[in-house]
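The values are calculated or read from the model by the stated rules, or taken from the named source; none is laboratory data. These figures come from a predicted structure and were not determined experimentally. Positions of Cβ are generated from backbone atoms using ideal geometry, with glycine treated the same way; all protein chains shown enter the neighbour counts.
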């Protein structure tokens, strides 16, 4: 079970919660379960979300396994130059 | 992703050497083909009509007289690019920016375009397009746009990120907030507090090559685009979406690129060129002039930033707070949010809060500019850090070292850091001879730190071994900084062959799977990972071929030092086979030998830098000169050290220009006053000293060779380092970038009064 921190812009779409508890093995499963629980998150999850797992930011690789006790945060996908 | 990207320490043969870049001869002899160098039979010339108003409603456009001009083959307006964006606000902003629909939002906004047989006909036609405008009040300044009486640009913008959502429209499109702890508690614990407001002006990426493309739409629904871009696959997708084309039928070929720095991650005129070609049924060449580049492409945000930092007598920061207002042009975006995330990322803070406010104004649509949004935030924070160190009476480097983030620190934007390089760059700065060198008369020294995220992305690479044993690698990330050299070194390292045996090319969109853009400092980071993977796949094929040739089991063949070897004593008398030996037998052992890789290169690893600079100021004129400049940055592993140093120097040079001279200057009428390099002054070689560099190599745990991106971070510290140096030279805190001669002189005069 992970405590997943949502960035401020997502919270209104998730019953105004800052932290959501989710049981998942991979980033893919984590995002799927979040979307099932909060359908309003579907839009941002498709293209706006990056996932920080223990400080490493994943923008695309949803196959990543989630280590036990990992610190997980949903962040906006970043722009770069 | 099946590829194991974990770092493995090993000695290198090719990586870390400095061979000549493969594209060098073409570039210095003029053979290299840039965006404007491509031509097609029957090609037309395009010109764009742009608004001279900062904000106006388009009541009507009459193109009939323009269409009647001899030689004109097509005229397009927004009606020729219907809205196919399906409610996607970001894509709609791109469309509306390419050609205005109901309103023009800034001086230079495109309203119509002409394709004609020559430039004279195109220009004549532009003058005959009649646009009936209803002029609206405009707002240019970031702070003015947030005032209650400011003209509202978009009645549909209600500030997001505020609970409850406001009921009246606003120019503040979004509010974001980051941080942890309690800043009120932290400030109460502080012995010293510094609070100050800062401004930075809008600057352009200043790439030397203007945007240019040739578009050719065919009646069968296929199309081609030859274009100067940082990401041809992304351009293909956006252009296909905006024109209703099938992506696979639009072939996009990237040219050589004369600088991008983020400004060529975004389409500007390419959809218009395609629409003209579709309407004229002829190829169309569209080149933006320098004036158009300034008025209608690129720039970064103008900003207004308030910072407050408190610390104890021993130098421990107890609280840090910032409010950052960034312009995004007329369309909502996330530039302030990036500033809010990066502002305090260098420090280990118990109590920190940042608020980002995205402000829409009547300026061009903002695009990414090298570590977008971070330099302005770093300017404000690092200036305050310097002032606070002085107030406490501490050395500015020691103050930063005491508060630097390290592995295990919770970053100000949320996540906990893994191994990072801010501490080592600061220690290197403290020990650097520059830091203790004597200063001359009227000189001041400044230093500053900077942070950027870096990222990876989707990447696809082909590696083909020819019958003579030489190798081509086809990659999908545009080479903006020498990546063909670094990727050739990577392939040479992995295969165990000479750099000279490898040719790297940038494949077009029809030849390779999708690749994200060359942005986020990802070119060498991501594509080297895919190249390593492709090379290992090719080695696996070669082992299979050797097993066939030697008639021994596959598991008895191993690869070492560029050769296949037989394992153990059973087959030990066989001479190792080289890539050349194996390639020579390819036809009869299974055909062509190739390695392919498609992967997502995530885990780029954050990046830090520390810069030191000495500035000499003429107190009578306010003019300044950079006397000495040093860049210290972590590269993870420098694949081609010369090009890593080039990135460090290039970022510093751009940052110096931004800090000292560059700014968009608008008149009261909302028109840009300086859209050219004569009046918008970027630094030239004679303006700068040799920029010294020091590469630190703290391996990235998420790359097989430990590589980190290096392209962007070097532009983050210069604004602050320069401002600190000038402030120390003149004894007045400079809080408005650029610190140009008039601003320095005004500050000196104010101090006298």
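Pairing each residue of the stretch B:695-715 that is at positive phi with any residue that is buried (at least 24 other Cβ atoms within 10 Å of the Cβ) and at pLDDT below 95, provided the two are 6+ apart or on different chains, yields C-beta distances under 6 Å for B:706/B:636; B:706/B:700.
Considering the stretch B:524-636, the qualifying strands (runs of 3 or more DSSP E), each wholly inside and each with 3 or more residues that are under 30 Å from residue B:478 (Cβ atoms), run over B:593-601, B:607-617, B:624-634. For the stretch A:63-79, indicate whether the set of residues that are out of contact with any helix residue (DSSP H, G or I) (no Cβ under 8 Å at 6 or more places or on another chain), crowded, with 21+ Cβ neighbours inside 10 Å and assigned to a loop (DSSP other than H, G, I, E, B) is non-empty. Within the stretch A:63-79, not a single residue is out of contact with any helix residue (DSSP H, G or I) (no Cβ under 8 Å at 6 or more places or on another chain), crowded, with 21+ Cβ neighbours inside 10 Å and assigned to a loop (DSSP other than H, G, I, E, B).
Could you list all residues from the stretch A:21-40 that are closer than 15 Å to residue A:3 by Cα and crowded, with 17+ Cβ neighbours inside 10 Å? A:22, A:24, A:27, A:30, A:31, A:34 - these are the residues of the stretch A:21-40 that are closer than 15 Å to residue A:3 by Cα and crowded, with 17+ Cβ neighbours inside 10 Å. Is it the case, given these coordinates, that residue A:52 is closer than 21 Å to residue A:79 by Cα, within 12 Å of another protein chain (Cβ to nearest Cβ), in contact with a strand residue (DSSP E or B) (Cβ under 7 Å, 6 or more places away or on another chain) and without any contact (Cβ under 8 Å) to a residue 40 or more places away in the chain? Yes, satisfied.
Contact map, the stretch B:405-418: residues that are farther than 13 Å from residue B:345 by Cβ and at the interface with chain A (Cβ under 9 Å from one of its Cβ atoms) paired with residues that are crowded, with 20+ Cβ neighbours inside 10 Å and at pLDDT below 90, Cβ distance under 6 Å, separation 6+ or inter-chain. Pairs shown: B:418/A:55. Taking (1) in a helix (DSSP H, G or I); (2) modelled with pLDDT of 95 or more in turn, residue A:21 satisfies each apart from (1). Within the stretch B:163-176, being surrounded by fewer than 17 Cβ atoms within 10 Å (Cβ to Cβ) and either within 11 Å of chain A (Cβ to nearest Cβ) or touching a helix residue (DSSP H, G or I) at 6+ places or on another chain (Cβ under 7 Å) (or both) holds for B:163, B:164, B:165. Among residues of the stretch B:300-332 being surrounded by 23 or more Cβ atoms within 10 Å (Cβ to Cβ) and without any contact (Cβ under 8 Å) to a residue 60 or more places away in the chain, the one that is nearest to residue B:190 (Cα to Cα) is B:322.
Pairs linking a residue in the stretch B:123-143 that is surrounded by 15 or more Cβ atoms within 10 Å (Cβ to Cβ) to a residue that is in a helix (DSSP H, G or I), with Cβ atoms under 6 Å and 6 or more positions apart or on different chains, are B:125/B:66; B:128/B:65; B:128/B:66; B:129/B:66; B:139/B:145.
Kindly establish whether residue B:437 is in the same structural domain as residue B:651 (by TED's automatic domain parsing) and out of contact with any strand residue (DSSP E or B) (no Cβ under 6 Å at 6 or more places or on another chain). So residue B:437 passes the test. Restricting the stretch B:84-105 to residues that are in contact with a strand residue (DSSP E or B) (Cβ under 6 Å, 6 or more places away or on another chain) and in contact (Cβ under 8 Å) with a residue 60 or more places away in the chain leaves a set whose member that is surrounded by the fewest Cβ atoms within 10 Å (Cβ to Cβ) is B:99. A Cβ distance below 7 Å, combined with a sequence gap of six or more or placement on separate chains, defines the contacts here; from the stretch B:579-594, residues that are at positive phi reach residues that are at pLDDT 95 or above in the pairs B:590/B:545. In the set A:3, A:15, which member is within 14 Å of chain B (Cβ to nearest Cβ), loosely packed, with under 15 Cβ neighbours inside 10 Å and closer than 23 Å to residue A:61 by Cβ? Testing whether each residue is within 14 Å of chain B (Cβ to nearest Cβ), loosely packed, with under 15 Cβ neighbours inside 10 Å and closer than 23 Å to residue A:61 by Cβ leaves just A:3. Please state which one of B:252, B:214, B:272, B:284 is under 23 Å from the mean Cα position of the chain (by Cα), modelled with pLDDT of 95 or more and more than 14 Å from chain A (Cβ to nearest Cβ). B:252 is the lone residue from the list that is under 23 Å from the mean Cα position of the chain (by Cα), modelled with pLDDT of 95 or more and more than 14 Å from chain A (Cβ to nearest Cβ).
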